Amino acid sequence: MSKRDATLLDQIEDDAVNGRPIADTLRKAVILGGKAGSTALRDWATKELKGYAPADELPGYRIVGAPICVDALVGNAWIKGQRMSIHELPKFAQESIKEQVELTFPVGEIEAIIRNVEKGEDSTAHLSLPGAADLVLLWNHESTVPYQHIQSVYWSVSVTSLHGVVDQVRTTLTELVAEMRAGTPQGQELPSADVTNQAVSVAVHGKNARVVVTSQISAGDAIAMNGEPGKRDPSWWTLGRVAWAAVVGTATIAAAVFGYLTIRR
């Protein structure tokens, strides 16, 4: 089959399996969502391309573990990449900051971060904590450690974890194709909107049962499913969506910043 004769499903499957640029494959998924009338597919593929907004439900594969590290001047020595326990952070930050990070930016940006990391000597990406500048300022103000000055605080994300996110997007595209094929009658080029939305629910969000049998009836596609309905993923602290507020005192720098996280519904 030539590329001209291949359906969009064929092209997406071929791209995902053969490691072609993930952004190009996602753009085809956007087009497929439009042709199939699936808002769910268009939305997911577009968010992967453009990034997720604070109010968006973030797929679980975009939440990765990452230690908190600091660069600091201690005496006359620079200390870089010093791992910190949550309990070593200022008290006002301990409830807000976790050793995991939400990767909300576009998949193309994640790939660019990977390339930049692999060009250097370090094997991790340094992703700034929300309100990092205020946190460092107040941390230094509260510190009782002599001759120590914190320069920066960040999540240290391994390049392996970043590769894993990109791979999960590719795998999700493959799952989407498999689910849509399972729900589309033989000889029909495009899946229906219902079948496509169901595929997104299964492959992206892990909800509902898989499509296993389809038949063409006068009222449209009949979809048979088996398995237990999928459960919602547990709520996660929304780490990248924090508002820091510094309260300035009359004589000194304020000693507290309130960081609140939105619990994912």
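The values are calculated or read from the model by the stated rules, or taken from the named source; none is laboratory data. These numbers were taken from a predicted model, which means no experiment stands behind them. Ideal geometry is used to build each Cβ from the backbone, glycine not excepted, and the neighbour counts take in all protein chains shown.
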Pairs, first more than 18 Å from Glu109 (Cα to Cα) in the range 162-176, second β-branched (Val, Ile, Thr), C-beta under 7 Å, six or more apart: Thr172/Val204; Leu173/Ile12; Leu173/Thr25; Thr174/Val17; Leu176/Val200
Matching residues, the range 68-92, being β-branched (Val, Ile, Thr) and out of contact with any strand residue (DSSP E or B) (no Cβ under 6 Å at 6 or more places or on another chain): Ile86
Residue under evaluation Val157, criteria (1) outside the structural domain of Ser38 (by TED's automatic domain parsing); (2) out of contact with any Asp or Glu (no Cβ under 9 Å at 6 or more places or on another chain); (3) free of Cβ contacts under 8 Å to residues at least 60 places away in the same chain, criterion not met: (3)
Criterion (within 19 Å of Ser152 (Cα to Cα) and of a type in the set (D, E, K, R)) met by exactly one of Lys91, Lys119, Lys50: Lys91
Some residue of the range 14-30 being among the β-branched types (Val, Ile, Thr), surrounded by 16 or more Cβ atoms within 10 Å (Cβ to Cβ) and within 19 Å of Asn197 (Cβ to Cβ): yes
Wholly within the range 47-154, strands (runs of 3 or more DSSP E) carrying at least 2 residues that are surrounded by fewer than 15 Cβ atoms within 10 Å (Cβ to Cβ) and either in contact with a Pro (Cβ under 6 Å, 6 or more places away or on another chain) or in contact (Cβ under 8 Å) with a residue 12 or more places away in the chain (or both): 68-74, 77-84
Count of the range 141-167 residues which are of a type in the set (A, V, I, L, M) and modelled with pLDDT under 80: 1
Test for Thr46: is it at pLDDT below 95, out of contact with any strand residue (DSSP E or B) (no Cβ under 6 Å at 6 or more places or on another chain), among the β-branched types (Val, Ile, Thr) and more than 30 Å from Gln151 (Cβ to Cβ): no
